[in-house]
1. Order these peptides, 829-839, 460-470, by their mean beta-carbon neighbour count within 10 angstrom, highest first.
2. For a paramagnetic label modelled at 7 Å from the Cα of residue 507 toward its Cβ, which residues of the stretch 422-464 fall within the zone defined by backbone nitrogen distances under 20 Å?
3. With Cβ to Cβ distances under 10 Å as the rule, what net charge do the other residues near residue 524 carry (K, R +1; D, E -1)?
4. Determine the per residue accessible area of the chain with all protein chains present and a 1.4 angstrom probe, expressed in square angstrom.
5. Between the stretch 207-221 and the stretch 114-182, what's the alpha-carbon centroid distance in Å?
6. Sorted by packing (mean other beta-carbon atoms within 10 Å per residue), highest first, where do 212-220, 810-818 land?
7. Taking the Cβ-Cβ separation of residue 798 and residue 526 as r and a Förster radius of 56 Å, what is the calculated FRET efficiency to the nearest 0.05?
8. Can you work out the FRET efficiency for the pair residue 868 and residue 270, with r the C-beta to C-beta distance and R0 = 60 Å, to the nearest 0.05?
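The values are calculated or read from the model by the stated rules, or taken from the named source; none is laboratory data. These numbers were taken from a predicted model, which means no experiment stands behind them. So basically every Cβ, Gly included, is an ideal-geometry build from the backbone, and we count neighbours across all protein chains shown. Protein only, heavy atoms only, side chains kept; ligands, DNA and RNA dropped before computing areas. Shrake-Rupley method; radii C 1.70, N 1.55, O 1.52, S 1.80 Å.
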Amino acid sequence: MKLKVLIIVLLILAGIVFGEGRDSNTSKRLGAKALRSTETIVIDGRLSETVWQRMDNCFSNFLQRDPVEGAQPTERTEVRIAYDDEALYVGARMYDSHPDSIVARLSRRDNSSSSDIIYFYIDPYLDHRTGNYFGVNAAGTLFDGTLYNDDWSDNSWDGVWEAKSSIDSLGWVAEMRIPYSQLRFHKADSYVWAINVERMIQRKNEDDYITFTPKDGSGFVSRFPEIQGIEHITPPGRVELLPYIIGKAEYLRHDAEDPFIKNSRYTPGLGLDFKMGLGSNLTLNATVNPDFGQVEVDPAVVNLSDVETFYQEKRPFFIEGSSIFNFGRGGAVNYWGFNWPEPNLFYSRRIGRAPQGSLPDNDYSDVPSGAHILGAAKLTGKMSNNWNIGAISALTMRESAEMQYEGKKSTLEVEPLTYYGVYRAQKDFNDGRQGLGFLATQSSRFFKEDWLRSDINSSALALGLDGWTFLDSDKEWVISGYMEGTRVTGTKERITDLQMNSQHYLQRPDRKYIHVDSSATSLSGYAGRFYVVKQKGNFFVNTALGFIDPRFDVNDAGYMSRGDVINMHAGAGYKWTEPNKTFRYLELGGAFFRSYDFDKNIIWEGLFHFGSITFSNYYYANWNLAYNPRTISNRRTRGGPLTLNESGSQVNFYWHSDDRKGLVIGNGYDYYGSRDGSNQWDTYWEIQWRPGANFSISITPEFSGLVENTQWVDSYEDAAARATYGTRYIFAKMEQLTAAAGIRVNWIFTPQLSLQLYMQPLISSGDYTDFKMLSRPGSMDYDNYGKGNSTIVKDGDEYTVDADGAANPAEAYTFDNPSFNYKSLRGNAVLRWEYMPGSILYLVWTQNRDESDTDGQFKFGRSLNRLVNTRADNIFMMKFTYWFNM
C-alpha cells in the first residue's frame, strides 16, 4: 500500500516538474484601452463625464453564452474603462429595447435577486487563474468576490468600493469606482491586466460576455482578454482600521435556584479589526477581542449518529478570503465523492469552539458557550514567482466553568489557553498547467490544571501536500491529488481515549490491522486522494482513489467524520449543450464506487446514475438512482464487532420552476430502502416569493421519516456474552418523524439599509421499540429482549434488560429510555445599515427556545403548542463599526 502511494506521488511530481510547457498564449487583446481621466469622476450612475463619451476606450464585442451559445446579444452593451491616480473606473451602458421590462430588485449585498446585472472581472496579477469581480444590478445592489482555480468564485470577500446604477429611456447605466487599495498587483511603469465583463438580462435568461467558458469546456480566468493603457500609477499603502463598540443584553431561561444565571445580563464590549498592506502584494488582517453576534444562528439538528455535526462558518473574519486555504482542490473543477469522508485539514469553527473539559457531578453549572478569541491575524497575498500564501494565527482564552454541588460552589478550568496556526502556500507552473502547494496546521495548549490533560489533546500537527498536472495542451485531462500526515500528542489516558473515539474505533475486538496502544502518548496517521478527470468536451470522466489511515486525526484544527477507509470510484457521463425544442441542457452519467477498511472488508459499494435537465421553459430537474449490495458495517456497534449492511437502493428527485419569475417553487424527494425493512425518506419544498422589488420571502418546509431496525442504543460488559467478545450490544427499532422549516424575510430599504428575519422551527420525535442484542458478529442476527429466557422491564423512564433471566449468569443492565420528542425554535432579526462605505451599524435580536421529553410519538399540534408556551432565551445586540482608510 505504501509503495503504491509513493509511486503515485512520484508520478505527479514528475508531471509537475517535467510537464508540458505552455502553448502559445491564448489571451487576446481587447479592442479598446483604458484612458486616464483628467476630471473628477462622480459615481452617480449617469456617465456624464467626458471620458465616458470617448470611443477609443469603448468595447461592445459581447457574445451570448445563454440561451444560445455564441450568438449575438439581443441588446447592445457598451463598456468603457478609465483610471486616475487613485482608482479604476468602469462605465457601462446597457441598451434595452424595452426599458420598462428591466428587472431591478434590491437585495442584501452578494445575495442573488434574479435581476439585470453587470459584472466586471479583473486579473491584475495576469496569472490567468485568480482575480476579483465587482457587480451591480439595475437596482444598485453590490456584488463582489474573488476568483480562483481558473473556474471558481468566492463571494466572502467584501471590498470597499462604490457603484451606482440608473434606468432611463435607453436602458440602464452602471458606474463603478474601484480603489487600487482593493486590488493586488505588482508595481510597474505600465500595466497589462486581463479583464472580462458579463451582462445578465434576467427576463430573457440571457448571459452575455466578452469571453466565456463554453458549456462543454473549462477555464474562465485564463480566457480573459488583456487591456492596456494604464500607466504611472502606484499600488497604495493600505491601512484600514475598523474599531467597533458592542452592547449586549441577554434575558435567559434559568432555574429559580440557579446561582449563576440571572434574569438578565448586560455586557458592553470594544474591539478592533484592522487591515494593512505589506508591500503591494500581501495583506495582513487582524482582529482584537472580536464579537460575531451579528451572524445568523446555526440551525437546530437532531443527530443520532456517531458523527459530529458539521456547521458552516459564518464569522466574517474567517470566511473572507478563505478560498486561499482551500486544499486539494486545484486543477480539476469537479471532485466527486461517493461516500468519501473528506477530511478538512482546517475547519475554522475549531477556533473559539465550545470548551472540551468534562465536569464532575453538579447541581448547577455555568459553562462558556465557546472559548473567547483574544486575537487573530491573517496574512494573505501573492509573492513573487506566483506563490499564493496564507497564514492564520489565533489565540483563545483559558476558560473556566462555575459549579455548585450540594450547596458548595467551585470553579474548574474547562479549556486551556490555546494557540492555533494555519499556513498555506501554493505555486502555479506553466500558466497553471501544473501546481504544487502545502497546508500545515498547528494547535498548542497551555494547561493550568493537570487533570484536564486527560480530556484534551496537548498538541497537534498536520501537514498536507497537494498538486495537479494537466496531461495535454488543451487542459482536457488532469491529475489532481493530495497527501496528508498528522501527529497528535497527549497523556496516555488521552491518547487511549482518542484511539477509541468514533473517528478511529481501534478497540474493535475483531480488528486485524491495528489495535489500541494504551502506552502511546502520540497518534500519527496519513491520508490521501488522487483524481483523474476529463473535464472538457461533451463526454466527461471522473475517477478517484482515496485512503485514510485508522490513526489519522485532524480534529484539533480540522474536521473529519471517520478514518479507516480506502475509497474509489470510476464514473463518466455525457452532456448535451445545444438547445432544442425540449431542453436547453441535458446531462446523464453513472459511476461504480467501493469502499474498504484497512482489514480489506468491503464496507460500502454501489452503482450510481445521475442526470439533470434544463427544459426550454427554464424549468429544471435532477435525479439520482443507486443500488448498494450487501456489505460489512464496521461502525454499527460503535467500537464493537463487525455486522452486515443489507442491500438497498435509493432514489432522489428535485425540480424547480423558472427562477426569473416573482414566485419560484422547488420540490425534492429522497428515499433509501434496505432489504431488512429499514428505510428513510425526505420531502421538502422551496418557495421564494418576491412581491416587490425590495421585498422577498422564502420558505423551505421539510418533512422526513426514518425507520431503522438496528438503531444503536447502548453497550455494556458481560462476561457471559462470549460470542460478542464479552460485551452486550443493544439495538432497537427506531421510528423517527421530523417536521422543520426555514423561513427568511428580506426587506431591503436601500442598497445600504436592510432588515433580515430568519426563523427555524423544528419538531422531531423518535420512538424506540423492539429492543434486541447482537447475537453473532459479522451478521444481521439479533436476539430480542423479552423472548426466550431474556427479559426487559420498563420502570418510568428506565429499561432493565437481562440476556438470560435473573437465575442465570448474564448480568442485568439498566439504561435510560432513548425515545425522544424534541421541539426547537431558533431565529434572529438583523437590521444592517452601511451609513458610510465600510462603516456599518447592526441591530440584532436572537431568540432560542427548545423543549424535550421522552414521548416518542409524533404529535404535531401538541408539540407546537408546547413550543409556543416554552420560555425563550432572548439576546439583543448593537454593534457600531467605523471604517478608517489611512
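1. 460-470, 829-839
2. 452-458
3. 0
4. Numbers: 37470 Å² over 886 residues.
I get 42 Å² per residue for this part.
5. Answer, in whole Å: 17.
6. 212-220, 810-818
7. Computed FRET efficiency for residue 798 and residue 526: 0.80.
8. Details: r = 38 Å, r/R0 = 0.63.
After rounding, the FRET efficiency stands at 0.95.
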